[in-house]
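The values are calculated or read from the model by the stated rules, or taken from the named source; none is laboratory data. As the structure is a computational prediction, the values presented were derived from the model and not from experiment. All Cβ positions, glycine included, derive from the backbone under ideal geometry; neighbour counts span all protein chains shown.
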C-alpha cells in the first residue's frame with residue numbers, strides 16, 4: 001500500500017471558467033498531462049485545488065471526475081481535513097470511498113490545539129476512515145505545528161496512518177521523524193523548493209505544486225534523488241528553481257494557475273479571496289518558463 005505513494009504526487013489545481021464554475025474540460029487536460037508524464041499519484045482537493053472555496057457538491061463533483069478520468073491508472077488521494085473534528089468525521093461517513101486510495105488530512109488550523117488535541121483529532125479521523133490516512137503538517141498556513149513526537153506517536157499507534165506530508169521546512173524536525181519512524185511510514189516533502197535536499201536525508205517523495213506544469217521533469221528529478229543520483233537530480237532542480245520561486249512569490253495556487261495559463265493548459269482564474277499574481281510576477285514567471293522550455297522542450 002505505502003509504495004503507492006513513493007515518488008511524485010501532484011496536488012492538482014481546480015480549473016475555473018471566467019464565470020466561476022469548474023472547467024472540467026481543462027481539468028481533464030491537466031490530468032492527462034500529468035499522468036502521461038509519469039507522476040506516481042494525484043492529490044485532489046488540497047490547498048492547491050482551492051478546496052476551501054468549493055461547495056460540498058463541487059467537492060464531490062471534483063472527486064468523482066478525478067476518479068473517473070484517472071480510471072485506475074494512478075492512485076488517487078483526496079484532501080479531507082479541517083478544524084472541526086466531528087465535521088471531518090461526518091464528511092468521511094457521508095462519502096463513498098470507491099476509487100480513493102488514501103486521505104490527506106491537514107493539521108487543524110485556527111483553533112491552535114495542544115499536541116494532545118491534535119493526536120486525538122487524528123485518532124478520531126483514522127477510526128472513522130475506511131481509507132488510510134496521510135497527515136499534513138503545514139504550520140505556515142495552520143499556525144499549528146504537528147511536532148515530531150506527536151507524528152511519531154500517531155505513526156506507531158495506528159497502522160492506518162501511513163505517512164506525513166511535511167511542509168514545516170524544519171529539517172531537524174523532519175530528520176527526527178525519519179530517524180524514529182516505524183518501517184513503512186512515509187515522510188513526504190510538502191515543499192517543491194527543498195525536495196531535493198530532503199530526498200538526501202530520507203524523504204521518500206513529494207506532493208508537488210510545480211508538477212502540475214512540469215510533471216515529467218520534476219518526477220525525473222525525484223526519481224534520480226530516490227536512486228541516489230544527486231548530480232543528475234541537481235541539474236533539473238536548479239533549472240526549475242526560478243520557476244518554483246515565482247510560483248510562490250504571490251501565493252499558491254495563484255502562481256501555478258498563471259503558469260498553467262502560460263502553458264495553455266487552463267485559464268488563470270481563481271476564486272476570492274485569492275486573486276491573480278501581479279504583472280511583474282507573471283512576466284518573470286513567463287520568462288523563467290521560456291528559458292526552461294528552451295532547455296527542456298515538451299515531448
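Based on this model, can you work out whether residue 270 counts as surrounded by 13 or more Cβ atoms within 10 Å (Cβ to Cβ) and assigned to a loop (DSSP other than H, G, I, E, B)?
Numbers: surrounded by 13 or more Cβ atoms within 10 Å (Cβ to Cβ): yes; assigned to a loop (DSSP other than H, G, I, E, B): yes.
Judged against the criteria, residue 270 is a match.
Among the candidates 31, 12, single out the residue that is without any contact (Cβ under 8 Å) to a residue 40 or more places away in the chain, closer than 25 Å to residue 276 by Cβ and surrounded by 15 or more Cβ atoms within 10 Å (Cβ to Cβ).
On the way: 12 fails: without any contact (Cβ under 8 Å) to a residue 40 or more places away in the chain.
From the options 31, 12, the qualifying one is 31.
Out of curiosity, is residue 99 within 24 Å of residue 206 (Cα to Cα), touching a strand residue (DSSP E or B) at 6+ places or on another chain (Cβ under 8 Å) and surrounded by fewer than 18 Cβ atoms within 10 Å (Cβ to Cβ)? Steps first, please.
Values: within 24 Å of residue 206 (Cα to Cα): yes; touching a strand residue (DSSP E or B) at 6+ places or on another chain (Cβ under 8 Å): yes; surrounded by fewer than 18 Cβ atoms within 10 Å (Cβ to Cβ): yes.
So residue 99 passes the test.
Anything in the range 81-96 that is in a loop (DSSP other than H, G, I, E, B) and buried (at least 17 other Cβ atoms within 10 Å of the Cβ)? List them, or say none.
81, 82, 83, 95
For the range 215-225, state whether one or more residues are touching a helix residue (DSSP H, G or I) at 6+ places or on another chain (Cβ under 9 Å), farther than 24 Å from residue 44 by Cβ and not in a loop (DSSP other than H, G, I, E, B). Don't jump to the end; show me each part of the working.
Step one: of the range 215-225, the residues touching a helix residue (DSSP H, G or I) at 6+ places or on another chain (Cβ under 9 Å) are 215-225.
Subsequent filtering for residues that are farther than 24 Å from residue 44 by Cβ retains 224-225.
Next, from what is left, pick out any that are not in a loop (DSSP other than H, G, I, E, B): 224-225.
Yes, some residue in the range 215-225 is touching a helix residue (DSSP H, G or I) at 6+ places or on another chain (Cβ under 9 Å), farther than 24 Å from residue 44 by Cβ and not in a loop (DSSP other than H, G, I, E, B).
Does the range 176-190 hold any residues that are out of contact with any strand residue (DSSP E or B) (no Cβ under 8 Å at 6 or more places or on another chain) and either in a loop (DSSP other than H, G, I, E, B) or within 25 Å of residue 248 (Cβ to Cβ) (or both), and which are they?
Answer for the range 176-190, where residues must be out of contact with any strand residue (DSSP E or B) (no Cβ under 8 Å at 6 or more places or on another chain) and either in a loop (DSSP other than H, G, I, E, B) or within 25 Å of residue 248 (Cβ to Cβ) (or both): 182, 183.
Restricting to the range 242-261, give me the number of residues that are surrounded by fewer than 22 Cβ atoms within 10 Å (Cβ to Cβ) and either over 19 Å from residue 11 (Cβ atoms) or touching a residue at least 60 places away in the same chain (Cβ under 8 Å) (or both).
2
Being surrounded by fewer than 22 Cβ atoms within 10 Å (Cβ to Cβ) and under 22 Å from residue 254 (Cα atoms) is the filter here; which residues of the range 192-214 pass it? Break it down into steps so the answer makes sense when it comes.
Step one: of the range 192-214, the residues surrounded by fewer than 22 Cβ atoms within 10 Å (Cβ to Cβ) are 193-194, 197, 200-202, 204.
Scanning the range 192-214 gives 193, 194.
Spot the failing condition for residue 231; the list is (1) in contact (Cβ under 8 Å) with a residue 12 or more places away in the chain; (2) more than 25 Å from residue 35 (Cβ to Cβ); (3) assigned to a helix (DSSP H, G or I), and only one is missed.
(1)
Is it the case, given these coordinates, that residue 2 is more than 18 Å from the chain's Cα centre (by Cα), surrounded by 14 or more Cβ atoms within 10 Å (Cβ to Cβ) and closer than 30 Å to residue 116 by Cα? Let's see the steps before the verdict.
Working: more than 18 Å from the chain's Cα centre (by Cα): no; surrounded by 14 or more Cβ atoms within 10 Å (Cβ to Cβ): yes; closer than 30 Å to residue 116 by Cα: yes.
Taking the combined requirement at face value, the residue does not satisfy it.
Looking at the range 221-228, can you tell me whether even one residue there is modelled with pLDDT of 95 or more and farther than 26 Å from residue 30 by Cα?
As a first pass, look at the range 221-228 and keep what is modelled with pLDDT of 95 or more: 221-228.
Remaining after also requiring farther than 26 Å from residue 30 by Cα: 227-228.
Yes: one or more hits.
Tell me the residue from 66, 43, 78 that is touching a residue at least 24 places away in the same chain (Cβ under 8 Å), more than 21 Å from residue 260 (Cα to Cα), crowded, with 22+ Cβ neighbours inside 10 Å and in contact with a strand residue (DSSP E or B) (Cβ under 8 Å, 6 or more places away or on another chain), please. It would help to see each step written out before you state the result.
Working: 66 fails: more than 21 Å from residue 260 (Cα to Cα); 43 fails: more than 21 Å from residue 260 (Cα to Cα).
Only one candidate passes the filter, namely 78.
Would you mind finding the one in 285, 247, 198 that is at pLDDT 95 or above and over 16 Å from the mean Cα position of the chain (by Cα)? Break it down into steps so the answer makes sense when it comes.
Details: 247 fails: over 16 Å from the mean Cα position of the chain (by Cα); 198 fails: over 16 Å from the mean Cα position of the chain (by Cα).
That would be 285, the only listed residue that is at pLDDT 95 or above and over 16 Å from the mean Cα position of the chain (by Cα).
Among residues belonging to the range 288-299 that are within 24 Å of the chain's Cα centre (by Cα) and assigned to a helix (DSSP H, G or I), point out the one that is surrounded by the fewest Cβ atoms within 10 Å (Cβ to Cβ).
Our first condition is that a residue be within 24 Å of the chain's Cα centre (by Cα); within the range 288-299, this holds for 288-289, 292-293, 296, 298.
Subsequent filtering for residues that are assigned to a helix (DSSP H, G or I) retains 288-289, 292-293.
Working: 288: 21, 289: 19, 292: 19, 293: 13.
Going through the qualifying residues, I end up with 293.
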